[in-house]
Amino acid sequence: MSTTKRYWQDLGELSEAPQVPTNEFNTPLPFAEALGDKGLTGSTTGRRDFLKFLGFSLSAATLAACETPVVKSIPYVTKPEDITPGVANWYASTFYDGEDFASVLVKTREGRPIHIKGNPRFGINRNPNTKKGSINSRINSSVITLYDSLRQKGPVSAIGDGSWTASSWASADKAIMEGLTKISASGKRIVLLTNTVISPSAKQAIATFQNKIGGTSLAGDDGMSVQVGSKVDHIQYDTISYGGITNANLKSFGKRVFPSYDLSKADVLVSVGADFLSGWGNPTENVWQYAVRRRPEDATAEKPMSRHWQFEARMSLSGANADMRCMVKPSEIPSVVMGLHDAIAKKLGGATVGATSVASADGHIAECAAELLAAKGKSVVICGHNDEGTQVIVNSINAMLGNYGSTIDLTNHTFFKQGDDAAVQQLVKDMNAGNVGAILIAGVNPIYSLPNSAEFASGLKKVGLSVSFSSHADETASLCSVICPDSHWLESWNDFMPKPGHYALAQPAITPLFDTRQWPESLLTWSGASGNYHDHIKGVWQAAMTSRTDMPVDFTTAWNTSIHNGVYEAYTNAAEPLAFAGNLTEAASTAKESVKGAGEWEVQLYTKESIGSGLHANNPWLQEVPDPLTKVTWDNYVCMAPADLLRLTKKTEIKELRIGEQDDAHIVKVTIGNTVLELPAVPLPGQTPMTVSIALGYGRGANGENVGRAACLHNDDGNVMPIGKNAYPLTSVSNGAMKYVALNASVDVTGEMYQMGLTQTQLTGMDRESIIKETTFAEWSKHEPRETYNEKEMLAVHEDVNHDDHIDARDKVPATDVNLWKDHPVAEVGHHWGMAIDLNSCTGCGACITACNSENNVSVVGKDEVRRSRDMHWMRLDRYYSSDTTWEEGREKGEGKIGLYRKMEEPSASPKVFFMPVMCQHCNHAPCETVCPVAATTHSNEGLNMMTYNRCIGTRYCANNCPYKVRRFNWFNYVTEKFGEVNPAWDALGRMVLNPDVTVRSRGVIEKCSLCVQQIQGGKLAAKKAGTPVKDGAIETACSAGCPTNAITFGDLNDKNSKVLAIAESERAYHMLEEIGVKPNISYMVKVRNIEEEVAHVHETEAAHN
Amino acid sequence: MTANAVSNEDIDAILYYADNYKPKVAPPPDGTTAGGGAKDPKQMGDDTPWQWLIIVVLLLLVVVLSLGGVKNQLKNALHERDGKEAVPERSIWGSIVHWSGNNKSWASIFGFILFCFLIVQGWNWAINIGIYGGEEVAHYKPEQPIKFNHTLHAGKMAINCQYCHSSAEKSKHAGIPSANVCMNCHQAIDQGPVTGTAEIAKIYEAVGWDPTNMKYTGVEKPIAWVKVHNLPDHVAFNHATHVAVGKIECQKCHGPVDTQMDVAEQWNSLTMGWCIQCHNETEVSQMASGAQSNGYYDEIHRRLTETPLGNKELQKYLEDEKITVKELGGWECAKCHY
């Protein structure tokens, strides 16, 4: 637009000839200084021209990008018969890593494994009542490590200066075989160091190897026991040792085994420091067995709701679920066991062990012992203290109570946990003495996990031939002379015998991605055997099956059925009488010895639900799953009683210890002897005062070893930092077993601060009953109207509804009756998808979160983003501690509101814990839908709150308006390489783990739980094709299928016979925040605790009321 | 196969049928014109009168301009007589500007109309960016590594679509057939009527078939076809739903593949508007029995009829006397986007 008017900037311009500046600025701008690059200042392009160019090229690029790119599509040349592109295949397989065991189903798409769930038909981890296989987050997350691009691509050998040269299997085999022959002739020891091997075929391979190298060894009848008389020693080493228990069983019953437990038969369950829901024993079995006795509806006179006692130092997952929890120090654990023993022995007339008093727990011990006595034969006592003496006393308690044969089975014991810590320590000595000629290491990482790893490392240098079968050049493998990488379990054939007669098969779901070979096959190759490992397993099975008369004759059918089922149940041993033959006096002195020298501070070492012993440290899904109690991601830390931390940091209020985006954690220094560990401190309510707990399994790759793509973080300078610190140096060996307590420590704050990533910072439920509801079993079982424990939310209205001629706050109607909106046509029309979550069955383990991650391509964002509350998990597990202060009490005492709220924020020193899985509640009156300016989130007539990514423009109004805070915003393109270092799923190989049925979201859009709409659509399609209604239970969401305790039930609320409707209409059901009237489709079930005091407490307040 | 599965008469009958086969007339792609098959989009609108309109408008314009000139000359003549200055000579643009200056409100109205017209035209143009197929835009018809002739196979030879695209009723993908499916026939047929041996030899190369020795060499070379129908990644389209449950003819979306597609092309626009238009019109069978019944929909129907709320909804659905896919939720976002 041109105009004829002229304006002058100043008088000078008017008077003189107009000097229109050629540049916009009269004085030259200091570009040269600002940019420092001479080339940039030479440009003659003005700012406006530049903007014009920019605009033109932007629009040109936009238009050019609209052209559809040419997409190539390459079909199979010869399509495998069983693969239909777009249709998932499920294969039965078995997961075993030396710690966890589960029969699983592997979902593959176009030949790529993408998801893992429990085997619903077979396996020891299967709940026969619910027909679901229970697994945990470690197992269902393991699929992503298959696509770790940092795995060893083939055999490599060290060339001396710390670097490696790639070699071929043929040359590696040749060198190793020559080396072994030479060493065998020299008479030096050859050692095979593995985790607990429960594979009959691997045992057979080891036997073949031992025979070949020299000496004679024979496989036992069941293919499990191998007599060693060879120059090759097979030493088994469990990263987390159970040597104390197995040794105690040897002393008590003559069997060095880890027993089978059946917690579903236990009316009273006493755990003294054993976190059996998370890591202790065989958690996949423990969890479902525990949960079947926790639903009050299932309680009968014969099988009452179980009563769970937990004595422990750290608030563990098991402790959080316990009815009665008693805080004791690690050094008091043997005394608690002895106290229980003597209380029971006195009643039953057995020998006592001279228990000493535990000041803080004596009352509880007496009460607990009385309950155990009342439940003779239907109880179980387990103990996490890895000390032989203590465990002998535990065995004695269980023997006195007659639990062997009912809750504990030593006849059909497990084959897990065969590790021998004494043998490992002897090996370290032998290596340093130069007596070991060759060592072959499979499945374990001793240089990371041994307390005396430096000695192991120096010994390893003296071993002529050291072969690692590790899939990464990790702490141990990087010091070996050859790495012969093992295949990932999803690429492997394997067989397992977790219990006598129970055969489990693992079949590969994909051919090996790299040039890897299973370690037993390597052993067979070096023994001169030909053929692949599959044929070897088949041969072993055929021999085993033909050797027994109770096995089928038609082997081929049996074999094919076993591959299909993943399990072959051959036989169970008939029960045999057991007599406790332990020496109690000796045990008592050993037990006391094991906790001698306790100082002021005691340190307990534990494993986390996610990372475990450290084997899974390179799994980004597991690193980002928040710890169930502390809600910390991507770190380990020192758990401390809040009061202790207050004292050390010289603070006065709990809220000053808050950790969050703005609030850093205090670093404390834990010193034991010469070992110093500096870690951030996390106040953990329920932690025994003057004790600290530190998680093992962190600090992998501290010296820059390759331990996997997500095992390290990068600091601001781009340097690799290990995640957390390695706490294994604090372990020790005593009396032939690894000890996970250090009793004489000093703890102090360093004054430094540390940034941590937490997903939940609030601690208590603030006495709000509309979110968390709980009651006691006694209260619930009165079966009075549900209002006594599950009160409906009421809303005061401006009408005289109670007909007292006054309109006041007493005119209340149920909140669900008040309706501001027009109802969506959901009820009684078509489907109405809903979910019911039983807070009694939920243990808070977090397997649902990782199952959801894997099904829905949920992004991993890394610690830095978690700190900014940008975690992308579609579901979370809210954890609430109980507080000593209640609203009612506080008001009666006349406390001011602010002071009261502040007090209610503070958890008790020994709180009750409440876990609550929260995902999108799919409100029928969804607040998010009404505020979206572009209708990107809308309601379906099936009750789903739909999220349309391609429509979303990222205003985040919906997230602001969501009362449940379940909506997640993509702040970045998490799919790009920027996040590759925290999420290997975003590199070219890692992307193979993505579910092709779910859109990968990009920057700028909101995402949230879709109630696995892809599964719903798939289930409906299957029903339509079959011409039948959708069967109840046919459609499962990832979380409901992945829940090991069946706490989550999904289904059609319009199906009058559906399980979910029955639960959602039951007396325990309630909706979260019912009073806001959003009508969610997710119901929760009131948590029922099997305790009494709370009743008394309620009555007291009621009495006070009246 | 058993040796005498077919008799000589059967073979003669088949050959007779194949020789005398006349392809069925394909249904029109969008139901625009019934009967006459689909038209070439380029020939569309040949006989429309708008060219005539342009000619008339141009003629009128010439008349207006010459009349304007005459008017100016007359005016100048008058001015000359009155001794005034002559009206300055103006170009056409100049006179438009001059006129606009004198008639500001009319100029604004015309300007506004022109502006709106350009916006609408621009919008319509932009909306078709990156879209192929349909009536207005050229069909996407890329050259393929093997000149596979759909008309020959699906039309003349009358091979069922799902013989090759076998996963269409099982999976979300119809699937490009693997080369071993080609070999079911082409192991015997090594020469075609159009391209002779040249194109079939490419299949042999891909599967590693040695036609002279009649055996597989084991050297396979996958074929990189060019994908014709490209949906955005955020669309979850499922073939099985439409083919196995909806019983929709392939031609409904893919056009007259069997009669007019020597080279596969994208016939319809595959836009969301196109998708949901069909969902709006397509009726879901309410038959409780017979070939069209489906136990799944029976249950949905039962829920609608047996409850008061459902009944109310059902009456709404039945206002047009049919239940459409849309009414059962076929327009909901999460049916296709998740």
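Structure summary
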| quantity | calculated |
| --- | --- |
| Share antiparallel - DSSP beta bridges, the protein assembly as shown, percent rounded to 5 | 65 percent |
| Least to most buried among B:Thr197, A:Thr1028, A:Thr691, A:Thr390 (fewest other Cβ within 10 Å first) | B:Thr197, A:Thr1028, A:Thr691, A:Thr390 |
| 33 Å tail of the calculated P(r), the range A:774-1089, as % of Cα pairs | 32 percent |
| Whole-Hz ³J(HN,Hα) from phi, Karplus 6.51 cos²θ - 1.76 cosθ + 1.60, for the range B:267-282, glycine and proline x | 8, 9, 6, 6, 8, 5, x, 5, 4, 7, 4, 5, 4, 6, 8, 6 |
| Interchain or long-range residues, amide H under 5 Å from A:Cys326's placed H | A:Gln310, A:Phe311, A:Glu312 |
| Residues with amide H under 5 Å from that of A:Lys499, placed H, sequence gap 5 or more | A:Phe415 |
| Neighbouring partner chain Cβ atoms per residue of B:228-235, average, 10 Å criterion | 3 |
| Coordinate range along principal axes, alpha carbons of chain B, Å, largest first | 113, 69, 39 |
| Helical mean residue ellipticity (222 nm; -39500 (n - 2.57) per DSSP H run of 4+; nearest 500) of chain A | -8000 deg cm²/dmol |
| Ranked by how many other beta carbons lie within 10 Å on average, peptides B:147-159, A:713-725, A:607-619, A:515-527 from highest | A:607-619, A:515-527, B:147-159, A:713-725 |
| Phi to ³J(HN,Hα) by Karplus 6.51 cos²θ - 1.76 cosθ + 1.60 over the range A:373-379, Hz, x for Gly, Pro | 5, 5, 10, 4, x, 10, 9 |
| Mean ellipticity per residue at 222 nm, deg cm²/dmol - from DSSP H runs of n ≥ 4 across chain B, formula -39500 (n - 2.57) | -13000 deg cm²/dmol |
| Antiparallel %, DSSP beta bridges [both residues in the range A:774-1089], to 5 | 75 percent |
| Part-to-part distance (alpha-carbon centres) for the range A:909-982 and the range A:264-305, which is given in Å | 35 Å |
| Computed over the range B:272-335: relative contact order in percent, which uses C-alpha pairs under 8 Å that are six or more apart | 43 percent |
| Under 11 Å, Cβ to Cβ, from A:His536 - net charge with Lys/Arg +1 and Asp/Glu -1 | -2 |
| Ranked A:Asp1032, A:Asp805, A:Asp664, criterion: other C-beta atoms within 10 Å, fewest first | A:Asp805, A:Asp664, A:Asp1032 |
| Relative exposure of A:Glu784, B:Glu321, B:Glu220, judged by other C-beta atoms within 10 Å (fewest first) | B:Glu321, A:Glu784, B:Glu220 |
| Relative contact order (%) - chain A, alpha-carbon pairs under 8 angstrom, separation at least six | 13 percent |
| Using θ = phi - 60° and Karplus 6.51 cos²θ - 1.76 cosθ + 1.60, couplings along the range B:310-327 (whole Hz; Gly, Pro as x) | x, 4, 4, 4, 4, 4, 4, 4, 8, 4, 9, 6, 8, 9, 9, 4, 4, 5 |
| Burial order of peptide ranges B:7-13, A:590-596, A:888-894 (average beta-carbon count within 10 Å, highest first) | A:590-596, A:888-894, B:7-13 |
| Rounded Å value of the spacing that divides the Cα centres of the range A:455-470 and the range A:73-103 | 37 Å |
| Estimated FRET transfer efficiency (B:Thr212, B:Gln144; beta-carbon r; R0 25 Å; 0.05) | 0.45 |
| GluC sites (Glu not before Pro) within the range A:285-365, DSSP loop, no more than 13 other Cβ atoms inside 10 Å | A:Glu302 |
| Peptides A:1065-1078, A:1011-1024 ordered by average Cβ neighbours within 10 Å, highest first | A:1011-1024, A:1065-1078 |
| Amide H contacts of A:Val104 (H built 1.01 Å from N, under 5 Å, at least 5 apart or other chain) | A:Ser93, A:Thr94, A:Phe95, A:Asn119 |
| Whether the range A:815-909 is rounded, prolate or oblate, judged on the alpha carbon gyration tensor where a/c under 1.5 counts as rounded | oblate |
| Summed side-chain charge close to A:Ser184 - residues other than A:Ser184 whose Cβ falls under 13 Å, Lys, Arg +1, Asp, Glu -1 | +3 |
| Trypsin sites (Lys or Arg not before Pro) within the range A:764-851, DSSP loop, no more than 14 other Cβ atoms inside 10 Å | A:Arg768, A:Lys782, A:Arg810, A:Lys822 |
| Three-way shape label, the range A:855-919, alpha-carbon gyration tensor, a/c 1.5 | prolate |
| Sorted largest first, extent of the range A:385-452 alpha carbons per principal axis (Å) | 49, 23, 21 |
| Distant alpha-carbon pairs in chain A (separation over 60 angstrom), percent | 15 percent |
| Furthest towards positive pole of dipole, B:Ala206, A:Ile537, B:Val243, structure part the protein assembly as shown, Cβ charges | B:Ala206 |
| Cα shape, the range A:597-758, gyration tensor, a/c 1.5 rule | oblate |
| Local net charge near A:Ala815, Cβ-Cβ under 12 Å (Lys/Arg +1, Asp/Glu -1) | -2 |
| Nearest-0.05 FRET efficiency for B:Thr271 and B:Val194, computed from C-beta distance (R0 51 Å) | 0.95 |
| If the convex hull is drawn through the Cα atoms of the range B:51-127, its volume per residue in Å³ | 111 Å³ |
| Residue-averaged beta-carbon neighbours from other chains (10 angstrom radius) around A:70-83 | 6 |
| Averaged over A:998-1006, number of beta-carbon atoms from partner chains that fall within 10 Å | 2 |
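No value in this document is a laboratory result; all are computed from the given coordinates. Fair warning: this is a prediction, and the values are worked out from it, not measured in the lab. We place every Cβ from the backbone using ideal geometry, glycine too, and count neighbours over all the protein chains shown.
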